[in-house]
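The values are calculated or read from the model by the stated rules, or taken from the named source; none is laboratory data. A quick note: this is a predicted structure, and the numbers were derived from the prediction, not measured. Because the Cβ atoms are built from the backbone with ideal geometry, glycine has one as well, and the counts that use them run over all protein chains shown.
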Amino acid sequence: MSLVTQTPQWQALERHWQQLKDTRMGDLFAADPQRAERMTLSAAGLRVDYSKNRITQETLDLLCDLAGAVDLPGWTRRMFAGEPINNTEQRSVLHVALRNRSNRPILVDGTDVMPAVNAVLDRMETFVEQVRAGDWKGYTGRPITDVVNIGIGGSNLGPKMVCTALGPYLSDRLRVHFVSNVDGTHLVETVRGLDPATTLFVVASKTFTTQETMTNAESARAWALASLGDSAAVARHFVAVSTNGQKVAEFGIDTANMFGFWDWVGGRYSLWSAIGLPIALAVGFDRFKELLEGAHAMDEHFSTADIRENIPALLGLLGIWYANFAGARTHAVLPYDQYLRYLPAYLQQGDMESNGKRVTREGVAVDYTTGPVVWGEAGTDGQHAFYQLIHQGTQLIPADFIGAIHSQNELGDHHLKFMANYFAQTEALMRGRTYDEALAEMLAAGMPDERARFLANHRTFPGNKPTNSILMERLTPYTLGALIAMYEHRIFTQGVVWGVNSFDQWGVELGKQLAGVILKELEAGAVSGEHDGSTAALLEHFMQRRT
Ligand code: F6P
């Protein structure tokens, strides 16, 4: 099996980068007045302008040739058809089935999964309505006022990000909280001020074996029972979301209070499943369905549009262009929407756990860069923190700017000021400022010549920095669903080009194993395992100071 780097399509792109690397985007715009229009696509309520990239039509042709060479359409078809494309775990990858609002049959091992998907959605709806209406009573007969989701990774980041993003849709009488970290502070601080009699815990874990989640769940149960007294109260205050009924029962949660999902749902792709229960509790089931509908609309776009008009595929290919040909090592996600402040953290798991891989599906070590470091911060906070490096540092950092035409909180002229920054940043990143422009500006402002010449280099911006501008009318459940699905398929596209399995995560195992060994030593109060000198000394020091 040869690596993608050996294909003529890859090599053509390498040559093409050498030809294009000094081209200025500004010149490309000047030469083609239709560029912005040609390089803007719309689907599922999102408008994506990718014209501020260091690309020509030839670049797009070559990238699309590469997508053809790795059979992106074939892999997409296989994913949507339920084939076991997660080859190391021998599983299908079917988060698209969870939001398949068309209800078209999707088969896994010859069985249509849609009836089971719909059955769980129906159970979720009934439960959500009971809790939101105050009909689901706690052990003492009082309605639930607070929901605490206990989960980590995909069982936390997605629901937390979405519940924050949908702030304007939150229930007034049902607050939703998230506990993920095994640092006791997280649980203690979260339940401080909550009343056990009106608190419902959702223990969310695909495996129901994750150390952090199980530890937090046990402490949460102890906290609830310390006040409620009777272990029968667990049935009214704990529900589980998991694929592992046996472990749920062992924990003491009645499986009648368990919402299931399936091994073909990856943790980081699971917010559309019962893992989304806190979302539905927070915003209501109809809004949750709108979220699924937005994602489904993006799925339809991704699975049917030609690559040249396919938003997630093109965004993925642009990422390949910068990572593999232009030497970019990171990708910035910059939402100009306070409600989207957890999107970068969510996408860190989505992207880095998916494509942070060093071997191909076949287990062959790659000789090219795979998943980038994904990072970001909501605008305009980021502008006053790290944009300096994007503008004038030495690294190439492609960035996505995400914004909405209408704010959910139109307050005076805030939104116009906010969006002025959104537009100005991509313009500034592309345009830059030459030495002569910087000098002229300072001289015109009356600065002495010598001082102006000294400062001109410091005030020069190279520009030519690539950005995508993603705009939506308003951040709603529907557009949010589409946005998340867009990124999921962008990740998928890149995984296909790199030839990696984007759906396993073996890299998280080693640390977990070693933590298990070290925990036993910490409990025993003695270093007994084999450790390097640094780790052994750290452990000794820690244990001495604890006694
Ligand atoms: O960090 C590894 C991981 O397996 C993630 O992929 C997953 O989202 C997270 O742990 C939580 O797993 P679980 O839902 O099984 O508790």
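For Ile518, the conditions (1) within 16 Å of the ligand (Cβ to nearest atom); (2) farther than 30 Å from Pro335 by Cα; (3) at pLDDT 95 or above all hold with the exception of (1). Here the condition is being part of a helix (DSSP H, G or I) and either within 16 Å of the ligand (Cβ to nearest atom) or under 30 Å from Gln18 (Cα atoms) (or both); of Ala323, Ala297, it holds for Ala323 alone.
Report whether or not Leu225 is farther than 27 Å from Gly266 by Cα, in a loop (DSSP other than H, G, I, E, B), at pLDDT 95 or above and of a type in the set (A, V, I, L, M, F, W, C). For Leu225, the condition - farther than 27 Å from Gly266 by Cα, in a loop (DSSP other than H, G, I, E, B), at pLDDT 95 or above and of a type in the set (A, V, I, L, M, F, W, C) - is not met.
Among the residues making up segment 174-188, those that are in contact (Cβ under 8 Å) with a residue 40 or more places away in the chain and either away from the ligand (no atom under 15 Å from the Cβ) or β-branched (Val, Ile, Thr) (or both) are Leu174, Val176, Val179.
Whenever a residue of segment 371-393 is farther than 23 Å from Gly350 by Cβ, its partners that are surrounded by 14 or more Cβ atoms within 10 Å (Cβ to Cβ), lying with C-beta atoms within less than 6 angstrom and at least six residues away or across chains, give the pairs Thr380/Asn421; His391/Phe461. Scan segment 206-220 and give yes if some residue there is away from the ligand (no atom under 13 Å from the Cβ), outside any strand (DSSP E or B) and under 25 Å from Ile85 (Cβ atoms), otherwise no. Taking every residue of segment 206-220 in turn, none turns out to be away from the ligand (no atom under 13 Å from the Cβ), outside any strand (DSSP E or B) and under 25 Å from Ile85 (Cβ atoms).
Pick out the one residue from Thr394, Thr370 that is assigned to a loop (DSSP other than H, G, I, E, B) and buried (at least 18 other Cβ atoms within 10 Å of the Cβ).
Thr370
Just one of the listed residues (Gly229, Gly167) is on the phi > 0 side of the Ramachandran plot and surrounded by fewer than 20 Cβ atoms within 10 Å (Cβ to Cβ), and it is Gly229.
Out of Ala12, Ala36, one residue alone is in contact with a helix residue (DSSP H, G or I) (Cβ under 7 Å, 6 or more places away or on another chain), on the phi < 0 side of the Ramachandran plot, among the hydrophobic types (A, V, I, L, M, F, W, C) and free of Cβ contacts under 8 Å to residues at least 60 places away in the same chain. It is Ala12. Taking the conditions (1) modelled with pLDDT of 95 or more; (2) touching a strand residue (DSSP E or B) at 6+ places or on another chain (Cβ under 9 Å) in turn, Arg173 satisfies each one other than (1). In the condition set (1) at pLDDT below 95; (2) of a type outside the set (Lys, Arg); (3) touching a strand residue (DSSP E or B) at 6+ places or on another chain (Cβ under 6 Å), Phe251 is compliant with all but (3). Scanning segment 149-164 for residues being more than 17 Å from His95 (Cα to Cα), within 16 Å of the ligand (Cβ to nearest atom) and surrounded by fewer than 24 Cβ atoms within 10 Å (Cβ to Cβ) gives a total of 2.
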